[in-house]
Amino acid sequence: MTRFHNKVHADKTGREIFVEAALEAATSVDKGFAFRDAGMLVLGNFTSDVFEGQGHTAALMADWLGINPVPALRVEDACASSGAALNVGVLAIASGMTDVAIVGGVEKMSQLNTEGVTDALALAADNVYEIPVGFTFPSIYAAIASAYLHKYNARWEELAAVTIKNHVNGALNPKAHFQADIMATAKRIGEKQGRTFTNEMDFLNSEFNPVVSSPLRLFDCCPVSDGAAVAVLAADDVAKRYTDTPIHIAGIGQASDTIALHSRPDITTLSATVKAAGDAYRMAGVKPRDVRVADVHDCFTIAEVLATEDLGFFPRGTGGKAAEEGRTSLKGEVSINPDGGLKAKGHPVGATGAAMAYEMFKQLRGEADAVQVDGAEVGLIHNVGAAGATVVVQVMRR
Amino acid sequence: MSEKLTGKAFSDGIAAGKVTGGRCETCRSQFVPPRLICPVCGSTKVAPVEYCGEGVVEAYTVNKTPSSKFRDVQPLVVGIVRLREGPSISGMIVTDKPDEIRIGMAVKFNPMKRGEKAVLAFISS
């Protein structure tokens, strides 16, 4: 994968960012890989149509990888586009149509201003019944947070614990958008503004962490980033051509839910996560307690809290507390978002699911360097479209 | 297609001061906005209904970073209201005192005129 960032890719187009990720993927394959080995390309991309004025992006990427006439398919499931693309790649191989597939995701978002990005992301919500009453994407998750904090008598500080933990991890990840923990960030901002902060919460409670949509503040939200990630999928009996230590996709799941939040009986859970994870666990033959490391979709801090509950790692209403107690840190019982998550790593929406696969591949091969989780045998990745109208889960193992 | 089960019927209703939706004749579920297929049981025996417009706040947020279309609404409070009849709907909550809004608070439908259109909105009741 490329670095996720809002500036370093400024002069590149989406196709160039994708090619950069694909070249890294190909050159990292232990026994070598040529793009032309692939019988299919599946691309996750949310809305380059709006961001770049470019549609038909799967064929475009196949062209720029030099693999025409290989079939190329774009998958659009909002922020879960490349997680869904990964499942399509698995299905293509399982069907016997091809033995090798290139699966990836890309989004070039930074050329629009914040308002333009907000409007583009709103396309993933209900544009007839939610957006026209004043909702934006952050405010939809903020509404979820309001209901969650109320139902479980939880505190915003529990959400902030997710921010602090994910920035600690992001600081150790050379691909991350933000490579600074909250104290380093507080020190940098404090020096400019002539302020000192005694600890993370002192900073996160300050005016430098303004409310975006109550109760969510700026540091509860992931940044706007550009980036791409690419994975090479191969059938079990073909994988040894490429490596002696493949990582197996042991279980997959995908589920849908209502587009509009208001149509759900309970908005303090993403039922599509429960369904997709249940299917993936069953296919893989594992239980939540077997999972040592997971990349979950933390577009907002509340989303990570819900994910750790809906995936079965913690009981309902306790996900935030678990983060606060360090149970989801690199040394915790289940390490969540060792790469910094969307919060610190960044979230080029269409690339996120593929980037999760990249991180889990490294974790399970023991190649995750500074963020390596000890004993990572079984991992899970969890990619959410919008406010859970699409959820994709993969269980992976050594 | 029943003309009373369309998005246009719903938005015309909002402008006329009515919240409308559908009721499934098979499983008795009620939903808003109207649609042709019951989201609970899949039945197509759906009849249009009009709701009383009263309900309680189920979730809300003060949106400090609205899209350009809502910059003039200050404060902009949006939320989900569970109507007395059961279903929930997204709406604006019109208030000068956002700090006083609580989950569980009683509200009633009160459409907000914005140019040609009416926005689904509620006020404290």
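Below are the figures for this structure:
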item	result
222 nm mean residue ellipticity, helices alone, for chain B (DSSP H n ≥ 4; -39,500 (n - 2.57); rounded to 500)	-2000 deg cm²/dmol
Most mobile listed residue (B:Glu100, B:Glu54, B:Glu85) in chain B, GNM with C-alpha springs under 10 Å	B:Glu100
A versus B: buried accessible surface, summed, Å² (probe 1.4 Å, to nearest 100)	2100
Proximal lysines to A:Lys7, defined as alpha-carbon separation beneath 27 angstrom and excluding residues fewer than eight positions away on the same chain	A:Lys108, A:Lys165, A:Lys175, A:Lys187, A:Lys192, A:Lys343, A:Lys345, A:Lys362, B:Lys64
Local electrostatic count, A:Thr47, Cβ distance below 10 Å [Lys/Arg +1, Asp/Glu -1]	-4
Cβ-based net charge around A:Phe4, under 14 Å, with every Lys or Arg adding one and every Asp or Glu removing one	-1
Global form of segment A:146-239, assessed from the alpha-carbon gyration tensor, a/c cut-off 1.5	oblate
DSSP-defined antiparallel bridges as percent of all bridges, chain A, nearest 5	65
Global form of segment A:180-327, assessed from the alpha-carbon gyration tensor, a/c cut-off 1.5	prolate
Mean shadow area of segment B:46-125, taken as a quarter of the surface of its Cα convex hull (nm²)	6.0
Net charge of Cβ neighbours under 10 Å - reference A:Thr308; Lys, Arg +1; Asp, Glu -1	-3
Mean separation of Cα contacts under 8 Å (6+ apart) over length of chain A, as relative contact order %	25
Cβ-Cβ FRET estimate between B:Lys97 and A:Lys331, R0 fixed at 35 Å, reported to 0.05	0.15
Listed peptides A:27-40, A:367-380 by packing density, highest first (mean Cβ within 10 Å)	A:367-380, A:27-40
Computed FRET value (nearest 0.05) for B:Gln30 with A:Lys151, which takes r as the C-beta separation and R₀ as 25 Å	0.60
Cα gyration tensor category, rounded, prolate or oblate, for segment A:278-398 with a/c compared to 1.5	rounded
Accessible-area composition of segment A:162-238, carbon plus sulfur, in percent [1.4 Å probe]	55
Segment A:222-368: relative contact order as a whole-number percent, Cα under 8 Å and 6+ apart	33
Average Cα contact separation per residue, segment B:21-124, under 8 Å, 6 or more apart, as relative contact order %	22
Residues in segment B:1-19 that a label on B:Ser43 would reach, taking backbone N under 18 Å of a point 7 Å out along Cα→Cβ	B:2, B:5
Per residue accessible area in Å² of the protein assembly as shown, where ligands, DNA and RNA are left out and the probe is 1.4 Å	40
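The values are calculated or read from the model by the stated rules, or taken from the named source; none is laboratory data. For clarity, every value in this text was computed on a predicted model and none was experimentally measured. Cβ sites come from the backbone with ideal geometry, for glycine too, and all protein chains shown count toward neighbours. These area figures cover heavy atoms from the full protein model, side chains too; ligands, DNA and RNA do not enter into them. Shrake-Rupley method; radii C 1.70, N 1.55, O 1.52, S 1.80 Å.
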